[in-house]
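The values are calculated or read from the model by the stated rules, or taken from the named source; none is laboratory data. Computed from a predicted structure; not experimentally measured. The accessibility values were calculated without ligands, DNA or RNA, using every heavy atom of the protein model including side chains. Shrake-Rupley method; radii C 1.70, N 1.55, O 1.52, S 1.80 Å.
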Amino acid sequence: MAKLTYLSLGSNIGDRERNLRTAIERLAAPGLRALRTSPVYETEPVDVTDQRWFLNLVVEAETTLFPLQLLARVQKVERVLGRVRTVPKGPRIIDIDILLYGTAVMRGGKLEIPHPRMAERRFVLVPLHDLAPDLRHPVARKTVAELLHAAPPAVVRLIHS
Ligand code: GSY
């Protein structure tokens, strides 16, 4: 049975826009079909603030992959694009986070769904809100619109739709 999944993509090295586009193209392979892509936003870095600003977007996709298969797909795309895990939370060519996978809740293993920090991150919630404002977070039991309303401030500027 196909599931609806939401992926957050971010890049802050090199041609950020091209990195995002290439990642979206590479994600689409047997078992995953991108349905809609949010507008692109330029966003101030969170956690490690002394780095270039990111471009961020969210992809809505339909997938028949199981969660760990989806994680493997995401990590493969990150590898192919040349992501090297050096500084934790530091600059990256591409970062792809699985935000939601249907209404699944997975905790305590190598993959946590919903993404454990999605509810505090404006760079995730703004583009997710463009696609699915009424979607309900299966743990917080709040809609994306409600989470965005309560999220801490951070600069998120629309670059283009
Ligand atoms: O977790 C995703 C990578 N990342 C980002 C990001 O994509 N955007 C912004 N604005 N800040 C970030 N900090 C990290 S780590």
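Could you work out the relative contact order of segment 3-160? I mean the mean sequence separation of Cα pairs under 8 Å and 6+ apart, divided by the number of residues, in percent.
Numbers: 303 pairs, mean separation 47.8, N = 158.
Relative contact order here is 30 percent.
Pairs of Cα atoms under 8 Å, at least six residues apart: use those to get the relative contact order of segment 76-139, whole percent. All intermediate terms of the calculation are to be shown ahead of the outcome.
Working: 44 pairs, mean separation 15.1, N = 64.
The normalised contact order for segment 76-139 reaches 24 percent.
For segment 1-54 and segment 111-136, what is the separation of their Cα centres, given in Å?
About 13 Å separates the Cα centre of segment 1-54 from the one of segment 111-136.
Given a 1.4 angstrom probe, what's the average accessible area per residue across segment 29-161, in square angstrom?
53 Å²
If all Cα-Cα distances of the chain are sorted into 10 Å bins from 0 onward, what percent lands in each bin, rounded to whole numbers?
11, 43, 39, 7, 0
For the full complex of protein chains and a 1.4 angstrom probe, list ARG16, ARG33 by accessible area with the highest value first.
Per-residue accessible area, sorted high to low, gives ARG33, ARG16.
What accessible area, in Å² to the nearest ten, does a 1.4 Å probe give for THR37?
The accessible area comes out at roughly 70 Å².
With every protein chain kept in the model, how would you rank VAL84, VAL105 by accessible area, 1.4 Å probe, largest at the top?
VAL84, VAL105
Over segment 3-160, what percent of the accessible surface lies on carbon and sulfur atoms, probe 1.4 Å? Mind showing how you got there, number by number?
Values: 4320 of 8010 Å².
The value for segment 3-160 is 54 percent carbon and sulfur by accessible area.
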